[in-house]
Amino acid sequence: MTAQPALRIAPPAFLSDPALLAVLAALPGARLVGGCVRDAIAGRPVADIDLATPIPPDAVTRALQDAGLRAVPTGLDHGTVTAVSGGRGFEVTTLRRDQVTDGRHAQVAWTTDWQEDAARRDFTINAMSMLPDGAVYDYFGGTADLRAGRVRFVGDPAARIAEDYLRILRFFRFHARYGHGEPDAAALDALRGGVPGLARLSPERVWSELKRILATPDPRGAIQLMDALGVLPAVLPGPFDLACLDRLLNADGPADPLLRLAALVPGAGLDLAARLRMSAAERDRLVAWAGPLPVPGMDDDALRRLLADAPPGALTGRAWLAGDAGADWAALRDRLAGLPRPVFPLEGRDALALGVPPGPGMGELLRGVRAWWMEGGCRAGAAACRAELARRLAG
């Protein structure tokens, strides 16, 4: 007996996309799945659009090619083919069931049973599927949970977590974005019990999920819950400064996950960047926020001296981390944004032109002139700096 849709919604705007319609036309019976269904029901913007189908990956590839579309085998072991249409990629995954799981990866087998496929998903709000006409299939109460702001595991929470310990961090990401009110009690017990399994996750995956949690509009409730359940100390070094994170959000600081991490973990720097295997750019930003602080009341010369040694973004970040919602700190950040970064106007060729031979002596002379330039508020131009260099040579 074929299951009946749980509800019907007006087909969302993204279903008018000709590129998506071409993929759906090539795969009769395919449904939209996962986040795009959840967000369409919730009335939120939709980012990625994923599809599922009961036909196996090789048949998906043939059907797409027969329709003149490109098929890229992006994850055949897990039944995923990326359909390229209109210059965009749409992931198409064959319905599957888990055969063996190891806490992070699963060996799967294909199925034609939509409910069996939905049963292997993490949360009820992610386990819904939708036909192009807006008919939504909801086997585990995801629509009710979405309305209630409840993030609930599909089936037994402990079993879902044991299949993939990354689901612990995913729970907090979805709770931060969709949850309100008291979290699901059964989920909390399972999350606490699953904490030792977090050690099996790669640092890159941990950081990827932490970034998503910290990028939510207000991650404080999720972060506090992570701390209470022992999840936060399992993935980040303490002590944690929840008050600093609170100040940053109360001051309407930028929704920058790295800045929020720096607020949460005081003195975060090279050790934390290495632990989470951050990119070089992320590491450099994190380290740059650990320097001297600009403070309200500093004159322009003092701010220029700081800017000479650090880019504006680093100083603004330091100001966000040190300050609060007060008008003085807001004014300081505005001043930092408006001041051009001073650049010391001399180079080695200026010293060579005055007859200074290359070597350590040249570097010492230039550093001395730069210190003089800094003392003057970084105001002296190239001519004045060359004159100071000549004076030092003559002296």
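The values are calculated or read from the model by the stated rules, or taken from the named source; none is laboratory data. Bear in mind the structure is a predicted one, so any value in this text is a computation, not a measurement. All Cβ positions, even for glycine, are placed from backbone atoms using ideal geometry, and neighbour counts span all protein chains on display.
For the condition surrounded by fewer than 20 Cβ atoms within 10 Å (Cβ to Cβ) and either touching a Lys or Arg at 6+ places or on another chain (Cβ under 6 Å) or among the acidic types (Asp, Glu) (or both), what is the one hit in 113, 122?
Working: 122 fails: surrounded by fewer than 20 Cβ atoms within 10 Å (Cβ to Cβ).
Just a single option satisfies the conditions, and that option is 113.
Residues of segment 285-308 being small (Gly, Ala, Ser), in a loop (DSSP other than H, G, I, E, B) and more than 27 Å from the chain's Cα centre (by Cα), which ones? Write out each step before concluding.
Narrowing segment 285-308 to residues small (Gly, Ala, Ser): 288, 290-291, 297, 302, 308.
Right, trim to in a loop (DSSP other than H, G, I, E, B) and you get 290-291, 297.
Result: 297, single match.
What helices (runs of 4 or more DSSP H), lying completely within segment 1-68, carry at least 1 residues that are polar (S, T, N, Q), surrounded by 13 or more Cβ atoms within 10 Å (Cβ to Cβ) and modelled with pLDDT of 95 or more? It would help to see each step written out before you state the result.
Details: elements: 18-26, 35-42, 57-66.
Fully inside segment 1-68 and qualifying: 57-66.
State all residues of segment 75-100 that are surrounded by 13 or more Cβ atoms within 10 Å (Cβ to Cβ), of a type in the set (S, T, N, Q) and touching a strand residue (DSSP E or B) at 6+ places or on another chain (Cβ under 7 Å); if no residue qualifies, say none.
Correct list: 80, 82, 93, 94.
Quick check: is even one residue across segment 287-310 closer than 15 Å to residue 211 by Cα, surrounded by fewer than 16 Cβ atoms within 10 Å (Cβ to Cβ), among the charged types (D, E, K, R) and in contact (Cβ under 8 Å) with a residue 60 or more places away in the chain? Let's see the steps before the verdict.
Just the residues of segment 287-310 that are closer than 15 Å to residue 211 by Cα, to begin with: none.
No, that holds for no residue.
On the given criteria, is residue 145 over 24 Å from the mean Cα position of the chain (by Cα), at pLDDT below 95 and not in a strand (DSSP E or B)?
On the way: over 24 Å from the mean Cα position of the chain (by Cα): yes; at pLDDT below 95: no; not in a strand (DSSP E or B): yes.
It is false that residue 145 is over 24 Å from the mean Cα position of the chain (by Cα), at pLDDT below 95 and not in a strand (DSSP E or B).
Which of (1) touching a residue at least 60 places away in the same chain (Cβ under 8 Å); (2) in contact with a Ser or Thr (Cβ under 8 Å, 6 or more places away or on another chain) is the odd one out, the single condition residue 131 does not satisfy?
Unmet condition: (2).
Among the residues of segment 92-125, which ones are modelled with pLDDT of 95 or more, of a type in the set (A, V, I, L, M, F, W, C) and part of a strand (DSSP E or B)?
92, 123
Just a yes or no: is a residue in segment 80-91 in contact with a helix residue (DSSP H, G or I) (Cβ under 7 Å, 6 or more places away or on another chain), under 26 Å from residue 122 (Cα atoms) and part of a loop (DSSP other than H, G, I, E, B)? So that I can check it myself, show each step before the final result.
Residues of segment 80-91 that are in contact with a helix residue (DSSP H, G or I) (Cβ under 7 Å, 6 or more places away or on another chain), as a first pass: 81, 83, 85-86, 88, 90.
Restricting the remaining residues to those that are under 26 Å from residue 122 (Cα atoms) gives 81, 83, 90.
If we keep only those that are part of a loop (DSSP other than H, G, I, E, B) as well, we get none.
So far as segment 80-91 goes, no, none of its residues is in contact with a helix residue (DSSP H, G or I) (Cβ under 7 Å, 6 or more places away or on another chain), under 26 Å from residue 122 (Cα atoms) and part of a loop (DSSP other than H, G, I, E, B).
Within segment 149-164, identify whether any single residue is in contact (Cβ under 8 Å) with a residue 40 or more places away in the chain, of a type in the set (Asp, Glu), in a strand (DSSP E or B) and over 19 Å from residue 128 (Cβ atoms), and answer yes or no. Break it down stepwise before answering.
Filtering segment 149-164 down to residues in contact (Cβ under 8 Å) with a residue 40 or more places away in the chain leaves 162-164.
Now narrow it down to the ones that are of a type in the set (Asp, Glu): 163-164.
Keeping just the survivors that are in a strand (DSSP E or B) gives 164.
Going one step further and asking which of them are over 19 Å from residue 128 (Cβ atoms), we end up with 164.
Yes; the residues of segment 149-164 include at least one that is in contact (Cβ under 8 Å) with a residue 40 or more places away in the chain, of a type in the set (Asp, Glu), in a strand (DSSP E or B) and over 19 Å from residue 128 (Cβ atoms).
Which one is surrounded by the most Cβ atoms within 10 Å (Cβ to Cβ) among residues in segment 271-281 that are without any contact (Cβ under 8 Å) to a residue 60 or more places away in the chain and out of contact with any helix residue (DSSP H, G or I) (no Cβ under 6 Å at 6 or more places or on another chain)?
Pass one, segment 271-281, residues without any contact (Cβ under 8 Å) to a residue 60 or more places away in the chain: 271-274, 279-281.
Then drop every residue that is not out of contact with any helix residue (DSSP H, G or I) (no Cβ under 6 Å at 6 or more places or on another chain), which leaves 271-272, 274, 279-281.
Numbers: 271: 11, 272: 19, 274: 11, 279: 12, 280: 8, 281: 9.
Selected residue: 272.
Does residue 170 count as basic (Lys, Arg), crowded, with 21+ Cβ neighbours inside 10 Å and assigned to a helix (DSSP H, G or I)?
Working: basic (Lys, Arg): yes; crowded, with 21+ Cβ neighbours inside 10 Å: no; assigned to a helix (DSSP H, G or I): yes.
So residue 170 does not fit the description; no.
Take the conditions among the acidic types (Asp, Glu) and either modelled with pLDDT under 95 or over 19 Å from residue 123 (Cβ atoms) (or both) and apply them to residue 77. Does it pass? First the steps, then the outcome.
Values: among the acidic types (Asp, Glu): yes; either modelled with pLDDT under 95 or over 19 Å from residue 123 (Cβ atoms) (or both): yes.
Here the answer is yes, as residue 77 does meet what is asked.
Are any residues in segment 361-382 free of Cβ contacts under 8 Å to residues at least 24 places away in the same chain, over 22 Å from residue 300 (Cα atoms) and not charged (D, E, K, R), and if so, which ones?
Correct list: 361, 362, 363, 366.
Considering only residues that are basic (Lys, Arg) and in contact (Cβ under 8 Å) with a residue 40 or more places away in the chain, which ones fall in segment 186-211? Full working, then the answer.
As a first pass, look at segment 186-211 and keep what is basic (Lys, Arg): 192, 200, 205, 211.
200, 211, listed by residue number.
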